[in-house]
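Undergrad: The structure that follows is given in the form of structure tokens.
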Amino acid sequence: MDRGFPKEILFQSIEDRIKHFENRTMGHPKLVKSYEDLMEKFETLSGKGKVLLVYGPSGVGKSTLLKKVRSEFFNKYYEEMTEDKGLIPVLSMETFAPEDGKFDWIDFYFEALRNLQEILIEDKRLPLTEIGVTIPTDKTKRKLRNALVNAVKYRKVKVILIDEAQHMTKVGNSKGLRNHMDAIKSLASKLEIPIILFGTYELLSFRNINGQLGRRTTEVHFSRYNSKLEDEIKAFKYILLYFQRAYPLHEEPDLLSEWKYFYKHTIGCVGTLKDWLNDTFNYKMKQNEETESLILSDFKKFEPTIDQAFLMAEDIRRGETQLKEKREEKESKLDSWLGLDHQEEKEEIKRNTNKRPGERKPGRDKTGTEF
Ligand SMILES: Nc1ncnc2c1ncn2[C@@H]1O[C@H](COP(=O)(O)OP(=O)(O)OP(=O)(O)O)[C@@H](O)[C@H]1O
Ligand SMILES: [Mg+2]
């Protein structure tokens with residue numbers, strides 16, 4: 001059966017085989033769906049300064065999705081880039097955990113400018129004198145922000161992708177949170193391009209203060225595989241099969257028959273799974289050059305512990321519940337505001353008062369005949 005790699009790889013150096021496996025990225029259903037969903041939403045936002053949230057559990061594959069979006073944009077604008085050496089279609093960056101617990105905008109603007117400079121310098125597309133992206137010497141928030149706005153417009157950036165964006169929610173109180181979201185939205189609207197924030201479920205706190213925007217167009221949920229759903233178990237098993245075949249080993253290891261073990265320790269997150277499979281392969285190959293296959297005890301050495309899995313599961317549960325509850329809570333508030341809940345109560349009272357004494361509620365009769 002085809003294992004998705006040319007046979008020669010089996011005879012290459014250990015380093016090459018390890019690299020080869022690490023670079024294998026599977027377009028599994030949830031990744032593909034999140035990608036398509038995101039690109040479709042981008043099209044509707046394109047040209048408008050809107051903010052799009054992409055959230056999901058830690059280790060689900062969010063950064064992988066970001067990389068795919070980034071490379072898609074570079075492909076899309078490839079021709080234009082060869083004609084216009086200064087064009088940068090995507091600015092992609094990561095935010096860092098704030099040292100003092102509060103997200104720092106100066107760091108953010110500085111990092112964004114540094115990224116734009118780096119792209120031009122690393123690609124050697126323009127001579128240094130023509131970079132046109134300058135970092136002000138006076139690094140005040142306003143100066144840096146203006147420099148970023150100018151650079152983004154000058155370089156005709158089409159979209160900004162921000163990874164680990166949950167750090168931007170670190171503010172301490174809800175007023176600060178609203179200010180941060182307003183700052184991101186106003187930046188997007190000033191630049192007239194979408195800003196896409198990728199992050200964990202902590203990003204949901206932005207979502208919850210963002211009620212006035214149409215949700216459907218402004219968010220993508222990249223979820224894990226849920227073992228309570230048959231289709232998703234099937235997909236998770238298929239992913240295991242794909243990776244076991246992809247190992248450049250003479251003998252294909254058997255991960256599939258242990259799917260529950262792999263699922264339990266990853267909570268159905270493909271990124272966490274892949275890191276684990278990478279680490280196991282890397283170690284085993286370096287330890288023994290003659291390795292031909294992998295067995296369960298090899299994986300046990302690098303498994304995310306039950307404590308870690310438990311914490312991951314708790315985070316996921318919190319995020320998923322928050323998503324569900326918020327919707328139900330909002331729906332019931334909406335009903336109450338529109339008076340629909342009272343309407344139901346009134347109808348219920350009317351139904352009850354119309355009954356003659358001695359009549360029984362139809363629902364109570366087990367046989368439940370109609371009349
Ligand atoms: N579909 C995939 N196929 C192969 N490898 C993958 C896939 N998705 C993710 N990975 C790998 O799994 C690891 C973790 O994935 P990634 O960094 O994208 O997850 P994440 O959701 O961004 O995690 P975090 O919340 O920790 O930032 C990376 O090494 C990545 O290359
Ligand atoms: Mg990530």
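The values are calculated or read from the model by the stated rules, or taken from the named source; none is laboratory data. All of these numbers come straight from a predicted model, not from anything done at the bench. Don't worry about glycine lacking a Cβ; one is built from the backbone with ideal geometry, like all the others, and counts go over all protein chains shown.
Undergrad: Within the stretch 72-122, track down each residue that is among the β-branched types (Val, Ile, Thr) and either at pLDDT below 90 or surrounded by fewer than 15 Cβ atoms within 10 Å (Cβ to Cβ) (or both).
TA: Within the stretch 72-122, THR82, ILE106, ILE119, ILE121 meet the criteria.
Undergrad: Find all pairs meeting these conditions: Cβ atoms under 8 angstrom apart; at least six residues apart or on different chains; first residue within the stretch 164-182 and closer than 11 Å to PHE103 by Cβ and part of a loop (DSSP other than H, G, I, E, B); second residue at pLDDT below 85 and within 16 Å of ligand 1 (Cβ to nearest atom).
TA: No pair meets every condition.
Undergrad: If LEU45 passes every condition in (1) within 22 Å of LEU113 (Cα to Cα); (2) of a type outside the set (D, E, K, R); (3) touching a residue at least 24 places away in the same chain (Cβ under 8 Å) but one, which one does it miss?
TA: (1)
Undergrad: Mind listing whichever residues of the stretch 247-260 are in contact with a Leu (Cβ under 9 Å, 6 or more places away or on another chain) and assigned to a helix (DSSP H, G or I)?
TA: Within the stretch 247-260, LEU256, GLU258, TRP259 meet the criteria.
Undergrad: Need pairs with beta-carbon distance below 7 Å; first residue at positive phi and within the stretch 263-284, second surrounded by fewer than 19 Cβ atoms within 10 Å (Cβ to Cβ) and part of a loop (DSSP other than H, G, I, E, B); sequence gap 6+ or separate chains.
TA: Cβ pairs passing all conditions: GLY268/ASN226; GLY268/SER227.
Undergrad: Sort out which residues of the stretch 261-272 are more than 13 Å from ligand 1 (Cβ to nearest atom) and either charged (D, E, K, R) or not in a helix (DSSP H, G or I) (or both), and write them in order of number.
TA: Filtering the stretch 261-272 for residues more than 13 Å from ligand 1 (Cβ to nearest atom) gives 261-265.
Passing the criteria: only LYS264.
Undergrad: Same structure, new question: Report yes if some residue within the stretch 271-282 is charged (D, E, K, R), farther than 27 Å from GLY56 by Cα and more than 16 Å from ligand 2 (Cβ to nearest atom); otherwise report no. First the steps, then the outcome.
TA: Just the residues of the stretch 271-282 that are charged (D, E, K, R), to begin with: 274-275, 279.
Those left that are additionally farther than 27 Å from GLY56 by Cα: none.
Within the stretch 271-282 (the criterion being charged (D, E, K, R), farther than 27 Å from GLY56 by Cα and more than 16 Å from ligand 2 (Cβ to nearest atom)), the answer is no, since none of the residues qualifies.
Undergrad: When the stretch 1-40 is examined, which residues are found to be touching a residue at least 12 places away in the same chain (Cβ under 8 Å) and either closer than 30 Å to PRO194 by Cβ or touching a strand residue (DSSP E or B) at 6+ places or on another chain (Cβ under 6 Å) (or both)?
TA: Scanning the stretch 1-40 gives THR25, MET26, HIS28, PRO29, LYS30, LEU31, SER34, TYR35, ASP37, LEU38, MET39.
Undergrad: Answer yes or no as to whether LEU31 is closer than 30 Å to THR218 by Cα, buried (at least 20 other Cβ atoms within 10 Å of the Cβ) and not assigned by TED's automatic domain parsing to the domain that holds LEU116.
TA: Values: closer than 30 Å to THR218 by Cα: yes; buried (at least 20 other Cβ atoms within 10 Å of the Cβ): yes; not assigned by TED's automatic domain parsing to the domain that holds LEU116: yes.
In short, yes.
Undergrad: Name the helices (runs of 4 or more DSSP H) wholly within the stretch 3-114 that hold at least 2 residues that are more than 15 Å from LEU161 (Cα to Cα) and within 16 Å of ligand 2 (Cβ to nearest atom)? Step through it out loud before you land on a result.
TA: On the way: elements: 14-23, 29-45, 62-76, 78-83.
Result: 29-45.
Matching residues to (1) modelled with pLDDT under 90; (2) in contact with a Pro (Cβ under 9 Å, 6 or more places away or on another chain); (3) outside the structural domain of ASP275 (by TED's automatic domain parsing):
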residue: LYS170; (1), (2), (3): yes, yes, yes
residue: ASN173; (1), (2), (3): yes, no, yes
residue: ILE195; (1), (2), (3): no, no, yes
residue: LEU203; (1), (2), (3): no, no, yes
residue: LEU241; (1), (2), (3): no, no, no
residue: GLU252; (1), (2), (3): no, no, no
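Undergrad: Among the residues of the stretch 225-243, is there at least one that is buried (at least 20 other Cβ atoms within 10 Å of the Cβ), among the hydroxyl-bearing types (Ser, Thr, Tyr) and in a loop (DSSP other than H, G, I, E, B)?
TA: Yes.
Undergrad: On to the next question. Against the definition (more than 16 Å from ligand 2 (Cβ to nearest atom) and in contact (Cβ under 8 Å) with a residue 60 or more places away in the chain), how does ALA309 come out, yes or no? Steps first, answer last, please.
TA: Values: more than 16 Å from ligand 2 (Cβ to nearest atom): yes; in contact (Cβ under 8 Å) with a residue 60 or more places away in the chain: no.
In short, no.
Undergrad: Given the options GLU22, GLU36, GLU43, name the one that is surrounded by 13 or more Cβ atoms within 10 Å (Cβ to Cβ) and acidic (Asp, Glu).
TA: On the way: GLU36 fails: surrounded by 13 or more Cβ atoms within 10 Å (Cβ to Cβ); GLU43 fails: surrounded by 13 or more Cβ atoms within 10 Å (Cβ to Cβ).
When all the criteria are applied, what remains is GLU22.
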